[in-house]
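Trainee: Supplied in structure tokens, the structure appears directly below.
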Amino acid sequence: MIKKLQRKFIMITMGSLALVMVILVGSINGIYLFNMNNKINGTLDILTLNQGQFPKFDKGNKPPREPRFGFQMNEETPFETRYFVVEVGKDGSIYEIDTSHIAAVSSEDAADYANKVMNGSRNSGYTDIYKYVVVEEAYGSMLIFVDCRGQLQTANMFLLISSVVGLTTLLLVFILVSFLSKKAINPIIETMEKQKQFITNAGHEIKTPLAIISANADVLELTGGENEWIVSIRNQITRLDKLVKNLLTLSKVEEGDIKLVFTKFNLSKAVLETASTFKSIAEMHNKRFQIEIQPQVELHGDESSIQQLVSTLVDNAMKYSNEGGTIKVSLYATKKGIKLEVYNTTEVIDTQNLSRLFDRFYRADSSRSRETGGYGIGLSIAKSIVEAHHGKISVKSEDGKSICFTVGI
């Protein structure tokens, strides 16, 4: 239980940190890409407004307001920017190419890029490492291509560095959390240890007075004969003894003190034998008891604890089924594993609190539990047994008048 709690603490901590890290790295890179794209678009806007040329920059005068927020032209902008311009007539023919501002693109390359853009349907976008814009002119179209090689390389490097830093941070935090997690949950561990010690001590302390009360009841019966008070005493002794045993069992199962012996056994036979013992009891109470078990279903697990699981679920169905109701036990193999279902009709139940049925001491109907002798521990033990076999147990009620427990292993 402690190791499971420690793993859960580490998973929650690392999951939360990973989510924050993804959001942080994604936001930083997103902002950087937005700013980069804005500057490139600002450059294209300047070239568009000036027929594919940069305007003369006058140091003595305040530069005009730039067409894009975040873009600021200076005297070095024309020399830092690599671009080429292709002019295309209305008939689609290329009649002028300007590659004087770029060394990596020849006139033939520029013509190929222009034809590729003209054959498409977009007026702006990226083609390879060049961002382009198509400007409608009187003679046809002017295509302006800006080299974004440096910006894209920087963006990729920034993404790589930020991702590596983020992953390294996660790794370092994981190491620290793994070492310090036990110290962080130490108060919870101490509380659980005290609770376990209390249950164990209380269980042993209660056994002694129970034995004395039982012996006194025997003496009273011998001297005065059996009466309703002695019967009541014996019933309460039995209930209290069962409660103590269940508490001790639950504590041992959750802490892993009970060593389960896993072997391959015939699950169909084990379920059938356990469930069949309740058939006569159901008939006595005028309840229909159905068993549908697929033959030769085998399981690698602890046979005695599985029989206890079946007994607990069927006993629960017997106690809380309505008069003249139906109880059904089903077992079958699926592609994903083995399914065990225990179904029973019942009175109207609160479907919103079904998941709480596995909580210790939770009882959906306390008055009914007093009549049947339930303490709300059996289903907690059943859940612990299923989890010890690396399975899952769930409960559902489709109509509010029946309930079905499903075990998947």
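Trainee: Just name the residue that is nearest to the chain's Cα centre (by Cα) out of those in region 148-162 that are among the polar types (S, T, N, Q) and loosely packed, with under 15 Cβ neighbours inside 10 Å.
Mentor: N156
Trainee: Going through region 1-54 one residue at a time, which ones are loosely packed, with under 13 Cβ neighbours inside 10 Å and either among the charged types (D, E, K, R) or assigned by TED's automatic domain parsing to the domain that holds E190 (or both)?
Mentor: Hits for region 1-54 are K3, K4, R7, K8.
Trainee: Report yes if some residue within region 345-357 is at pLDDT 90 or above and either assigned to a helix (DSSP H, G or I) or not assigned by TED's automatic domain parsing to the domain that holds T249 (or both); otherwise report no.
Mentor: Yes, region 345-357 has at least one match.
Trainee: Can you name the number of the only condition in (1) in contact with a strand residue (DSSP E or B) (Cβ under 9 Å, 6 or more places away or on another chain); (2) within 21 Å of G125 (Cβ to Cβ) that Q53 fails?
Mentor: Failed condition: (2).
Trainee: Identify all residues within region 182-206 that are in contact (Cβ under 8 Å) with a residue 60 or more places away in the chain and in contact with a Leu (Cβ under 9 Å, 6 or more places away or on another chain); write none if there are none.
Mentor: I185, I188, I189, M192, listed by residue number.
Trainee: Filter region 216-252 for residues that are modelled with pLDDT under 80 and among the hydroxyl-bearing types (S, T, Y); which is farthest from Q197 (Cα to Cα)?
Mentor: T249
Trainee: Which of the residues spanning region 383-406 are under 21 Å from Q352 (Cβ atoms) and small (G, A, S)?
Mentor: S394, S397, G400, S402
Trainee: How many residues, within region 198-235, are farther than 21 Å from L248 by Cα and of a type in the set (G, A, S)?
Mentor: Number of matching residues: 5.
Trainee: Tell me which residues, restricted to region 133-153, are touching a helix residue (DSSP H, G or I) at 6+ places or on another chain (Cβ under 8 Å) and without any contact (Cβ under 8 Å) to a residue 40 or more places away in the chain.
Mentor: V134
Trainee: While we're on this one: Checking V177 against (1) surrounded by 11 or more Cβ atoms within 10 Å (Cβ to Cβ); (2) outside the structural domain of I12 (by TED's automatic domain parsing), which single condition isn't satisfied?
Mentor: V177 satisfies every listed condition except (2).
Trainee: Would you confirm, using the coordinates I've provided, whether V164 is assigned to a helix (DSSP H, G or I) and on the phi < 0 side of the Ramachandran plot?
Mentor: When the stated conditions are applied, V164 passes them.
Trainee: I would also like to ask the following. Find the residue count for region 24-54, including only residues that are farther than 15 Å from F158 by Cα and hydroxyl-bearing (S, T, Y).
Mentor: Within region 24-54, residues that are farther than 15 Å from F158 by Cα and hydroxyl-bearing (S, T, Y) number 2.
Trainee: Select from region 205-223 the residues that are over 10 Å from I233 (Cα atoms) and among the small types (G, A, S) and write down the one among them that is surrounded by the fewest Cβ atoms within 10 Å (Cβ to Cβ).
Mentor: That would be A215.
The values are calculated or read from the model by the stated rules, or taken from the named source; none is laboratory data. Treat the numbers as computed from the prediction; the structure is a model and nothing was measured. Note: ideal-geometry Cβ built from the backbone for every residue, glycine included; neighbour counts use all protein chains shown.
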